[in-house]
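Asker: Right, I'll just put the structure down here and ask away after.
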Amino acid sequence: MAEEGSVSARIVRAIVRGLHEGAYAPGQRLAEPEIMSKYGVSRSTARESIRRMESEGLVTVHAHRGATIRRMSAGEALDALRVMELCIGLAARQAAERIGQGEGRARLEQAWAELQRFRDLPDTYDFVAARNRFYRAITEGSGNQELRRIVPSIHVHLIRRDYPLSGPARFADYAAMAGAILAGEAEHAEKAARRHIARIAALAAANLAKRQETVNGR
C-alpha cells in the first residue's frame, strides 16, 4: 500500500505540474485508462490517484462521467485568496515570533536563497516549486499545525491557471516577508505577507474584469 501511495502521489504531482505547463487545464476530464496508459500504472493506482486528487480538492468526480479537474469560479478564486491572505499573514507573524526556535531560521534562509535564483528568470515549474518551498518554510516555521493543514489545501495553482497572477513587485514582497521574519519582527512580517497576497487578489480581480470586458465586447 505504501508503494501504491507513493506512485499515486507522483501522478498527482505530475498533473499539478502539467497544470502549470499547460498539459492539463481546469475542466479537463481525467479518465482512468488515460492515466494508466500515460503513467504506466494499474487501474487500482489510477483510481487511487483520482481519489487522492478528489480528497485534496483538485478534481470533481461525477457519477457515471468520471473525474474532471476542478474549475474555480471567479468568486471561489477570490475567496480562496482572501483566506490565503489571513493564513499566510498569521503564519508569517508566528514564524517571526518563533524564529529563534528549532530549525525555522535555517529552513527559511535556505528556501529564500533558492527562490532568489529565479528573480530574473521566466516563470517555470521549478520556480513554482521554489516558491512553494518558501511558503512551506514560513508555514512550518509558524509551529501552527492548523495552518500546516489548511494552507496546502488552498489550490492557488488552480487560480493561477485561469487568472494569471505574476506581478512586478513579487520579489520585493518576498524579500520584505523574509527580512521581517528573519529579524523577528512579527507585526511587520504579517503586514508584508498580507500585503503580498492582497496584491495577488487585486491582480486576479483586475484580470477577471478585463476578461469580462472582452466577453461583453464580443
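The values are calculated or read from the model by the stated rules, or taken from the named source; none is laboratory data. The structure presented is a predicted model; accordingly, all values stated were derived computationally and were not measured. So basically every Cβ, Gly included, is an ideal-geometry build from the backbone, and we count neighbours across all protein chains shown. Quick note on the areas: whole protein, heavy atoms, side chains included, nothing else; ligands and nucleic acids left out. Shrake-Rupley method; radii C 1.70, N 1.55, O 1.52, S 1.80 Å.
Asker: From (1) under 22 Å from residue 124 (Cα atoms); (2) at pLDDT 90 or above, pick out the condition that doesn't hold for residue 26.
Answerer: So the condition that residue 26 fails would be (2).
Asker: Of everything in region 32-70 that's modelled with pLDDT of 90 or more and part of a loop (DSSP other than H, G, I, E, B), which residue is least open to solvent (accessible area, probe 1.4 Å)?
Answerer: It comes out as 41.
Asker: When you check residue 91 against the structure, is it surrounded by fewer than 17 Cβ atoms within 10 Å (Cβ to Cβ) and closer than 23 Å to residue 188 by Cβ, yes or no? Working first, answer last.
Answerer: On the way: surrounded by fewer than 17 Cβ atoms within 10 Å (Cβ to Cβ): no; closer than 23 Å to residue 188 by Cβ: yes.
In short, no.
Asker: For region 94-125, enumerate the residues that are touching a residue at least 12 places away in the same chain (Cβ under 8 Å) and of a type in the set (Asp, Glu).
Answerer: Across region 94-125, the qualifying residues are 97, 109, 114, 123.
Asker: Further question: Please find, among 172, 193, 176, the residue that is open to solvent by less than 20 Å² (accessible area, probe 1.4 Å), of a type outside the set (S, T, N, Q) and either under 28 Å from residue 100 (Cβ atoms) or part of a loop (DSSP other than H, G, I, E, B) (or both). Show your work before the answer.
Answerer: Numbers: 172 fails: open to solvent by less than 20 Å² (accessible area, probe 1.4 Å); 176 fails: open to solvent by less than 20 Å² (accessible area, probe 1.4 Å).
None of the others qualify; the one that does is 193.
Asker: How many of the residues in region 133-150 are assigned to a helix (DSSP H, G or I), open to solvent by 20 Å² or more (accessible area, probe 1.4 Å) and of a type outside the set (Ser, Thr, Tyr)? Don't jump to the end; show me each part of the working.
Answerer: Restricting attention to region 133-150, the residues satisfying the condition of being assigned to a helix (DSSP H, G or I) are 133-142, 145-150.
Filter again for open to solvent by 20 Å² or more (accessible area, probe 1.4 Å), leaving 133, 135-136, 140, 145-146, 148-150.
Now drop any that are not of a type outside the set (Ser, Thr, Tyr), which leaves 133, 136, 140, 145-146, 148-150.
Looking only at that region, the number is 8.
Asker: Check residue 134 against each of (1) touching a Phe, Trp or Tyr at 6+ places or on another chain (Cβ under 7 Å); (2) at pLDDT below 95 and name the one condition it does not meet.
Answerer: Among (1) touching a Phe, Trp or Tyr at 6+ places or on another chain (Cβ under 7 Å); (2) at pLDDT below 95, the lone unmet condition for residue 134 is (2).
Asker: Related question: Return the pairs, sorted by first residue and then second, in which the second residue is crowded, with 17+ Cβ neighbours inside 10 Å and modelled with pLDDT of 95 or more, the first residue lies in region 166-194 and is on the phi > 0 side of the Ramachandran plot, the beta carbons are less than 6 Å apart, and the residues are 6+ apart or on different chains.
Answerer: From residues that are on the phi > 0 side of the Ramachandran plot, the pairs are 184/96; 184/99.
Asker: While we're looking at this one, here's another question. Being over 16 Å from the mean Cα position of the chain (by Cα), modelled with pLDDT of 95 or more and acidic (Asp, Glu), is that true of even one residue in region 141-154?
Answerer: yes
Asker: Find the residue count for region 126-155, including only residues that are hydroxyl-bearing (Ser, Thr, Tyr), within 19 Å of residue 16 (Cβ to Cβ) and free of Cβ contacts under 8 Å to residues at least 60 places away in the same chain.
Answerer: We begin by selecting, within region 126-155, every residue hydroxyl-bearing (Ser, Thr, Tyr); these are 135, 139, 142, 153.
Filter again for within 19 Å of residue 16 (Cβ to Cβ), leaving 135, 139, 153.
From what is left, the residues that are free of Cβ contacts under 8 Å to residues at least 60 places away in the same chain are 135, 139.
Of the residues in that region, 2 qualify.
Asker: Report every pair of residues separated by at least 6 positions or lying on different chains whose Cβ atoms are under 8 Å apart, first residue within region 60-83 and of a type in the set (Lys, Arg), second open to solvent by less than 70 Å² (accessible area, probe 1.4 Å) and in a loop (DSSP other than H, G, I, E, B).
Answerer: That search, which allows pairs on different chains as well, returns 70/26; 70/57; 70/58; 70/155; 71/26; 71/27.
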